[in-house]
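Data first, discussion second: the structure below is written as structure tokens.
The values are calculated or read from the model by the stated rules, or taken from the named source; none is laboratory data. Everything numeric in this text was worked out from a predicted model, so none of it was measured. Note that we place each Cβ from the backbone using ideal geometry, even for glycine, and neighbour counts take in every protein chain shown. The accessibility values were calculated without ligands, DNA or RNA, using every heavy atom of the protein model including side chains. Shrake-Rupley method; radii C 1.70, N 1.55, O 1.52, S 1.80 Å.
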Amino acid sequence: MTAVLLVDDRRQNLVALEAILEPLGHELVSVLSGQEALRTLLQREDFAAILLDVQMPGLDGFETATLIKQRERTRDIPIVFLTAISKERQHVFRGYEVGAVDYVFKPFQPEILRSKVAVLVDLHVKTEQLRQQAELLALQGMAELRRESAARYRQLADAMPQIVWTADVRGRPTYFNRGFIEYTGLSARERGADVWQHLVHPEDREDMLSRQRRALESVEVFEAEYRIRAADGSYRWHLGRAVPMANPDGGAEFWIGTATDIHDRKRIEEGQGFLLDAGVELLRTLDVEVALREVANLAVPVLCDACEFDLEDTSLSEDELTPERIRVALVSYGRTLGSFTLRAEEGRHFDETDLDLARALAQRGALAVESARLYTEAERRARASRALETIADGVVLLDREGCVLLWNVAAERITGLAAADVVGRRASEAIPGYARFAERVPADGSRPETVPIEHEGRELWLSFSAVEFDEGTVYTFRDLTEERALEQLRSNLVATVSHELRTPLAAIYGAAVTVRRPDIDVGAEMSDRLLEIIEAESNRLVEIVNDLLLASHLDSGRLQLAIDTVDARALTTSVVEAARTHLPEGITLTLASARKLPPVQADEQQLRQVLVNLVDNAVKYSPEGGPVTVTVGESEDYVLWTVSDQGLGIPPAERRRVFEKFYRLDPNMTRGIGGTGLGLYICRELVSRHDGRIWVEANNGRGSKFCVEIPVATTTVPARQSVTSV
Ligand code: ADP
């Protein structure tokens, strides 16, 4: 039923209108003023027409119509003005201006009024129906469109290689694309609310679910990397993303998610990280076994489920790849050092990416093996060269070009040439006498050759052996200078001693023959002289033989001393007095002794021997005569003797050597002074057995001064020395 609004300030007019329109069967709402009409229209808008009196107190008809037309919801309701006043054009015009559709003039003709209202209402109702229909149509069209676009989206989603899904605001899946179904192989029944719980790898699940929860709560983009189980049970890495789709109020209406396969990228990333770790592990140690074990620990379970390095297996010619096993060779500098086998268990299938990774790892493994071997070799060589450094023989290593590669410590010590001055240079320039020994020493190590080498004014006798090898020649040498000198001395001794013995023997023989000559009467006096010579020369022979015996006892350690307290002053006096009895011409012998001297701790007979030797030498080596002075005095815990002469003297460089056995400054006796070279040797040995010292100094530029120190006697005599002498 439709309604018509009747507006007139006079009640009787309203009653008349109601009576006229009643037969139309519409609801009639009557009001008495413009204001009341507006109020009514605020409450209900379903009027099919308004009949409006023009002449009204307060708001008149025009003003009321203007206000009705201003309101959007009432603008289209047709208005019929009711007026009695005027039919003037201006008046009518104003009515149309404010939106009237018709005028009806009082007094009304009932049929005309009724039919006008009927038409208006009818028109309004029809218009309204049309509008509603149009609206309905539009809605239907949209729904169709929506259906179509949803289908398109799905087609699109199905065509995508990724996994695509949608979910409701609470995250419950509402759609999965073909990609998902094909990848997971799940049936519609299995694609429930907890589908992800089952599909995501147990190790990634917790992280993924917590990110999902956060995204749902905050309605922000969800993103996570996780492994999704494929239809065959293997897992592949995916990048999952879900974006909330907003409804008009700004809240999420649903979620669109994608999962992109990043397995290969992830594997490469993982592989690189892994290789980096492996590289570090391999660098950390030089023990092959430790290094390879560390790498194996890294490889399982990231890369494989079990693995094995085999350093015996060097036969692998081509790498092998099956889904369950990889076998690659460990190759370094073109040499196969072993093999590396990786095994997969359920849920893992090896592919080319794994093979590449295994190869890269094998390469690093091979490098580690190689460098550990090199290290061991270097260590071995270092040990060998340390041994070379410590051995007593000099070692020189030359390369094929004759450059010095090694000059060990002993070589430095023996020759006095520093390694820094020799190594890296040509041997012919750096080593004095190289040409001589290189040419004389056989390079097959067959026999050593002793070669003299001169360096800084010193003559060294070095015994060289040489061995040639692939990379050069190694020479070893030892210093035989002293042995050589001794050798020299020995041969000197033979000459000296034979000479020393022959001289008195010749004298004895000559004297004896003369005494016994039957043809000549030598007379008693002459005979006495000759017998004296025989006696003196025999004594001389005994002395020489005694010296030789004593030296030999000292050498063999058979001489034992009878240590006692000895009066130094009395001993010295008796030595000097004995010497005075047979002084040659031109020699004066003086004794200067401290008045009071402490007793010394000595074997008197041996100490006398020392002093006698020194005084005899002083006299003997003053061939032109001169003073010989003996002093004796106290010096701290010692008694000090000096025996000085102004004779031939001893050059400073020889002062140490005169104490050596058989050493003589003038071995060929050019000055005619005989001797065995044993006297000072015997002195030195005896003094050292008394815990004393003996040395020689220059005597103020003329001759020599021999000094002897013997410890002062303590109250008790040390037990070890209280033994008998030979
Ligand atoms: P020798 O039997 O030759 O005298 P020594 O051992 O007593 O043997 O002396 C060794 C060498 O020391 C002597 O040959 C001599 O050249 C030198 N010598 C020893 N005493 C003196 C001295 N007082 N003055 C000069 N030269 C000396």
Here the net charge surrounding Glu577, from other residues whose Cβ is less than 13 Å away from its Cβ (Lys, Arg +1; Asp, Glu -1), is +3
Full-extension gain in nm, Met245 to Asp637, via 0.36 nm per residue minus C-alpha separation: 129.7 nm
Neighbourhood net charge (14 Å Cβ-Cβ; Lys/Arg +1, Asp/Glu -1) for Glu217: +3
For Thr376, Thr415, give the ranking by accessible area with the largest first, probe 1.4 Å. Thr376, Thr415
For the chain: lysine pairs with Cα atoms under 29 Å, gap of 8 or more or different chains, count? 13
Let me have the relative contact order for the range 466-578, percent, based on Cα pairs under 8 Å that are six or more residues apart. 19
Using Cα-Cα distances under 8 Å and only pairs 6 or more residues apart, what relative contact order does the range 245-345 have, in percent? 18
Computed FRET value (nearest 0.05) for Ser187 with Glu225, which takes r as the C-beta separation and R₀ as 30 Å: 0.65
Quick one: net charge of Val522's neighbours, Cβ under 15 Å, K/R +1, D/E -1? -2
Estimated vicinal HN-Hα couplings, Hz - the range 583-588 in sequence order (Karplus 6.51, -1.76, 1.60; Gly, Pro = x): 6, x, 5, x, 9, 10
Accessible surface of the chain, 1.4 Å probe, proportion on carbon and sulfur as whole %: 51
At R0 = 41 Å the Cβ-Cβ FRET efficiency linking Arg656 and Arg440, nearest 0.05, sits at 0.80
Lys/Arg +1, Asp/Glu -1 at C-beta; the range 94-187 dipole; positive extreme among Gln140, Pro173, Leu123: Pro173
Which whole-number percent gives the relative contact order of the chain, counting Cα pairs below 8 Å spaced six or more residues apart? 5
What's the extension gain from Arg383 to Asp666 if we count 0.36 nm per residue and subtract their Cα-Cα distance? 96.9 nm
Roughly how much of Cys307 is accessible, in Å² to the nearest 10, using a 1.4 Å probe? 40
Using a simple spin-label model with points 7 Å from Cα along the Cα→Cβ vector, what separation in nm is obtained for His553 and His201? 9.8
Place a point 7 Å from Cα of Ala570 in the direction of its Cβ. Which residues in the range 598-624 have their backbone N less than 17 Å from it? 598-609
The helix 288-302 Cα axis meets the longest alpha-carbon principal axis of the chain at an angle in degrees, between 0 and 90 and rounded to 10, of 10
Which FRET efficiency value, to the nearest 0.05, do you get for Asp232 and Ala138 by plugging their Cβ-Cβ distance into 1/(1 + (r/R0)^6) with R0 = 60 Å? 0.75
Under a plain spin-label model, where a point goes 7 Å from the Cα along Cα-to-Cβ, how far apart in nm are Ala506 and Ala485? 3.1
DSSP beta bridges in the chain [antiparallel fraction, %, rounded to 5]: 80
Under the 7 Å Cα-to-Cβ spin-label approximation, Arg400 and Ala578 lie apart by a distance in nanometres of 7.4
per DSSP, antiparallel bridges as share of beta bridges in the range 586-661, % nearest 5, sits at 50
For Glu63, put the label point 7 Å out on the Cα→Cβ axis and report which residues of the range 96-121 keep their amide N under 20 Å from it. 96-100
